[in-house]
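The values are calculated or read from the model by the stated rules, or taken from the named source; none is laboratory data. This is a predicted model, so every value here is computed, not measured. Cβ coordinates were reconstructed from backbone atoms using ideal geometry, including for glycine residues, and neighbour counts include every protein chain displayed. Accessible surface is based on the protein model in full, side chains and every heavy atom, while ligands, DNA and RNA are left aside. Shrake-Rupley method; radii C 1.70, N 1.55, O 1.52, S 1.80 Å.
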Amino acid sequence: MNRTTFDPHTPFAATLLDRRSLSEDTALFSVLAEPAAVEPLARFLPGQFLQLSVPGAGEIPISPADLPSADGTLQLCVRRVGHVTEHLHRAEIGCKLGVRGPFGVGFPVEEMTGRPVLLLAGGLGIAPLRSLICYLLRQPERFGEITLMYGAKQPQLMLFREELSVLAAQGRLRLYLTVDFAPQQPTGDFSCAVGLLPELLQGFVFDAQRSYVAVCGPPPLYRCLMDELLGAGVAAERILLSLERRMRCGIGRCCHCALGQKLCCIDGPVFRLSELQRIPEAL
Ligand SMILES: Cc1cc2nc3c(=O)[nH]c(=O)nc-3n(C[C@H](O)[C@H](O)[C@H](O)COP(=O)(O)OP(=O)(O)OC[C@H]3O[C@@H](n4cnc5c(N)ncnc54)[C@H](O)[C@@H]3O)c2cc1C
Ligand code: FES
């Protein structure tokens, strides 16, 4: 029976359409949600997340890596790290999945209108930021200059490298890439700095008084970047951090994702640094 109403507890049926390998442990999954999901998915804002269920394995939070398409197709960039993600990576094309959502607070795109945007991505953190990049690029006249600084451990772990390079060559975003370790083998036409992401930021000249900065990456990265950003003059209200916490319900019922008095699933996952400065365990 087709669903007609949105119930946050009940997943919409979905079908795995395609899987494209991006690195040895990460792939981009195309998932088509049933027609009843199209309307709720159309309300998705970059930075929000979905609860993806893999039958026989469990349910995990995933932030879509693009805006849902008009027919309800989702792009999910997922790293294989454990039980559920392992099952997803081994799932056959055509198999049935489930999706609940979108949930949580995304990036404040209305407020970002007319402003330059600096995106700082570490490793898999590029996945949620890619949906923000897609959003910004679809309305280029609405937003200021877009700059992406992206760091990965090694060149072969740099996700979406080719499409980002094409966007940079087209002048649609400024792109700065860095890897933690110098490549052991030739990387062809690929060139990037060697060093950590905060080093790229040091000495980088940008309009700190007006820019919004969106950050997504492993927790130690946040601590290193915050001092640089505040020191450069970016207000804590305009520093936006996408946080990851272990989640169960995704809708504020189980308290699994508590961050002090806040819940990552309904007050986040995107927070302003000004909100987190009062929660010592957040970063
Ligand atoms: C809002 C949100 C958005 C996310 N978006 C993405 C995404 O776009 N792509 C993606 O690949 N992953 C994303 N994740 C992480 C993803 O949900 C976990 O990797 C997944 O739940 C792991 O499930 P598993 O059963 O495969 O691993 P498990 O067997 O449960 O755990 C394997 C390992 O991963 C660690 N782990 C599991 N979940 C988390 C978590 N939430 N935070 C930190 N460590 C964790 C465990 O401690 C363990 O070491 C997101 C998480 C959140 C909260
Ligand atoms: S995951 Fe249940 S309250 Fe956040």
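Please state which of the following conditions ALA208 fails to meet, knowing it meets all the rest: (1) open to solvent by less than 30 Å² (accessible area, probe 1.4 Å); (2) more than 23 Å from GLY123 (Cα to Cα); (3) within 12 Å of ligand 2 (Cβ to nearest atom).
Looking at each condition in turn, ALA208 falls short on (3).
When you scan region 205-219, do you find a residue that is assigned to a loop (DSSP other than H, G, I, E, B) and of a type in the set (S, T, N, Q), even just one?
yes
Evaluate the following for GLY260: is it assigned by TED's automatic domain parsing to the domain that holds GLN209, away from ligand 1 (no atom under 11 Å from the Cβ) and of a type outside the set (Lys, Arg)?
Spelling it out, GLY260 is indeed assigned by TED's automatic domain parsing to the domain that holds GLN209, away from ligand 1 (no atom under 11 Å from the Cβ) and of a type outside the set (Lys, Arg).
Of all residues being within 21 Å of the chain's Cα centre (by Cα), open to solvent by 40 Å² or more (accessible area, probe 1.4 Å) and not acidic (Asp, Glu) in region 21-40, which is nearest to ligand 1 (Cβ to nearest atom)? Just the residue, please.
Per the criteria, the residue is SER21.
All but one of (1) out of contact with any Phe, Trp or Tyr (no Cβ under 8 Å at 6 or more places or on another chain); (2) within 16 Å of ligand 2 (Cβ to nearest atom) hold for GLY195; which doesn't?
(2)
I need a count of the residues in region 224-283 that are within 16 Å of ligand 2 (Cβ to nearest atom), open to solvent by 60 Å² or more (accessible area, probe 1.4 Å), without any contact (Cβ under 8 Å) to a residue 60 or more places away in the chain and in a helix (DSSP H, G or I).
1
Could you say which residue among LEU229, LEU225, LEU283 is within 15 Å of ligand 1 (Cβ to nearest atom) and more than 29 Å from SER53 (Cβ to Cβ)? First the steps, then the outcome.
Numbers: LEU229 fails: within 15 Å of ligand 1 (Cβ to nearest atom); LEU225 fails: within 15 Å of ligand 1 (Cβ to nearest atom).
Among LEU229, LEU225, LEU283, only LEU283 is within 15 Å of ligand 1 (Cβ to nearest atom) and more than 29 Å from SER53 (Cβ to Cβ).
Restricting to region 52-82, and then to whatever is under 15 Å from the mean Cα position of the chain (by Cα) and more than 12 Å from ligand 1 (Cβ to nearest atom), can you tell me which residue is surrounded by the fewest Cβ atoms within 10 Å (Cβ to Cβ)?
LEU67
Determine which member of the set PRO108, PRO102, PRO128, PRO116 is within 22 Å of ALA13 (Cβ to Cβ) and open to solvent by less than 40 Å² (accessible area, probe 1.4 Å).
Exactly one residue qualifies, and that residue is PRO102.
Please verify whether region 189-196 includes one or more residues that are in contact with a Leu (Cβ under 8 Å, 6 or more places away or on another chain) and under 30 Å from LEU50 (Cβ atoms).
no
What are the pairs, 6+ residues apart or on separate chains, where a residue within region 95-109 that is under 13 Å from SER131 (Cβ atoms) has its Cβ under 6 Å from a residue that is surrounded by fewer than 23 Cβ atoms within 10 Å (Cβ to Cβ) and aliphatic (A, V, I, L, M)?
Within 6 Å, the pairs are GLY106/LEU45.
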